[in-house]
Amino acid sequence: MDLKEIARPIEHHIEAFDKVFDQSIKSKIGLVDLVTKYIVRQKGKKVRPILVLLSAELCGGVNPKTHRGAALVEILHTATLIHDDVVDDADTRRGIASINAVWKNKIAVLMGDFLLAKGLLLSLDHDDFRFLKITSTSVRRMSEGEIHQIQKSRQLDMDEETYLKIIGDKTASLLSTCCEIGATSSSDDPEKHRLLREYGENVGLAFQIRDDLLDYVGRKSITGKPTGLDLSEKKLTLPLIHSFTQAPKKEGKEILSMIKSGGKKLKVTEIVEFVTRYGGLEYAASRAVHYASEAKANISTFPDSPSKRSLIAFADFVIQREK
């Protein structure tokens, strides 16, 4: 099942979400409004709003509060992407020139701040105070995860537990937030909130592990980024981390030394062969399947419905995707 089919139970709500999102990021300042229009034109697949809407539908039904929650997470996500592009010095985003490439870093950073403020105000203006606690926790976790990863990339010291903590904070926290906000918008039952929060956390872990796996098995035409990109940035991900535990210490040290040296000494093909030889790819794939299964178990007690089937399909989608 592809993303379009997954979204079918809530596709009639997407237009309402779009209107709330577009209205929420408008500004009376000409340049700010110009940049926000540029952002709206390059909106992606809307994975996060879809998760908010499906979670709400599962827990009681989509309503105007849900549309605001979906807009909030998409605004928050957009703000983090703009800041990420500045941090990574990225020239493009989804094949289009990034904000920092067009308007330089200062405007990009300030636009990220502007969007974050607009998202918070959207919740405050409608007394959606529960949303603020959930999203504030997510922003804290994402920031800590990014800083933690930078620290570990400098030290080149990463075990599986640390890796899972980092991807939980960097990636899974926002998907968890989407699902919890959706549940909160349509139900007052704390147990439903917990189950959807945990579903989002587990599906987020599966999503990121699959993403890291694609860095080894994907091609540039599939993933949109060259194989070995994370290696050039000295990011140790699960396929490599596991291979280090299986390989002879001497061989592992040689690979680690190659990554530390970087530049022309970074022989990506050799590193991919090392990971393949010591079972890193199979292990990472199995862990992604594990977390996807955990996600499905989180919502197993809900009655059967189109939204439940879509959330189950989404857990399968994240571990089967090729980009």
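The values are calculated or read from the model by the stated rules, or taken from the named source; none is laboratory data. The shown structure was predicted, so the numbers you read here are calculated from the model rather than taken from an experiment. No Cβ is skipped: glycine too gets one built from the backbone with ideal geometry, and neighbour counts run over all protein chains shown.
Odds and ends about this structure:
- Meets criteria (farther than 30 Å from Glu198 by Cβ and either modelled with pLDDT under 95 or surrounded by fewer than 14 Cβ atoms within 10 Å (Cβ to Cβ) (or both)) for Lys45: no
- Residue within segment 38-56 that is over 17 Å from the mean Cα position of the chain (by Cα), β-branched (Val, Ile, Thr) and closer than 18 Å to Phe114 by Cα present: yes
- Qualifying residue in segment 294-303 (condition: without any contact (Cβ under 8 Å) to a residue 12 or more places away in the chain and in contact with a Ser or Thr (Cβ under 9 Å, 6 or more places away or on another chain)): no
- Test: Phe317 is surrounded by 13 or more Cβ atoms within 10 Å (Cβ to Cβ), part of a helix (DSSP H, G or I) and modelled with pLDDT under 95: no
- Just one of the listed residues (Val289, Val268) is within 26 Å of the chain's Cα centre (by Cα), within 19 Å of Ser153 (Cβ to Cβ) and either surrounded by 13 or more Cβ atoms within 10 Å (Cβ to Cβ) or not acidic (Asp, Glu) (or both), namely Val268.
- Test: residue in segment 133-146 that is within 30 Å of Lys234 (Cα to Cα), out of contact with any Asp or Glu (no Cβ under 7 Å at 6 or more places or on another chain) and hydrophobic (A, V, I, L, M, F, W, C): yes
- Spans of helices (runs of 4 or more DSSP H) in segment 1-78 with at least 1 residues out of contact with any Lys or Arg (no Cβ under 6 Å at 6 or more places or on another chain) and polar (S, T, N, Q): 11-24, 30-41, 47-59
- Being more than 26 Å from Asp33 (Cα to Cα) and touching a residue at least 12 places away in the same chain (Cβ under 8 Å) is a property that does not hold for Thr78.
- Yes/no for Phe274 being buried (at least 17 other Cβ atoms within 10 Å of the Cβ) and at pLDDT 95 or above: no
- Test set (1) aliphatic (A, V, I, L, M); (2) part of a helix (DSSP H, G or I); (3) closer than 23 Å to Lys170 by Cβ; (4) touching a helix residue (DSSP H, G or I) at 6+ places or on another chain (Cβ under 8 Å) - Ala117 fails condition number: (4)
- Subset of segment 277-286 [buried (at least 22 other Cβ atoms within 10 Å of the Cβ) and more than 26 Å from the chain's Cα centre (by Cα)]: Tyr278
- Per-region count, segment 126-166, residues surrounded by fewer than 17 Cβ atoms within 10 Å (Cβ to Cβ), of a type in the set (A, V, I, L, M) and free of Cβ contacts under 8 Å to residues at least 60 places away in the same chain: 3
- So Lys170, is it among the charged types (D, E, K, R), surrounded by 18 or more Cβ atoms within 10 Å (Cβ to Cβ) and under 18 Å from the mean Cα position of the chain (by Cα): yes
- Candidates Val62, Val35, Val87, filtered to the one that is in contact with a His (Cβ under 7 Å, 6 or more places away or on another chain) and either at pLDDT below 90 or farther than 30 Å from Ile150 by Cα (or both): Val62
- Picking from residues in segment 103-125 that are loosely packed, with under 14 Cβ neighbours inside 10 Å and on the phi < 0 side of the Ramachandran plot, the one that is farthest from the chain's Cα centre (by Cα) is Asp125.
- Subset of segment 77-100 that is closer than 22 Å to Phe314 by Cβ and surrounded by fewer than 24 Cβ atoms within 10 Å (Cβ to Cβ) - its residue that is nearest to the chain's Cα centre (by Cα): His77
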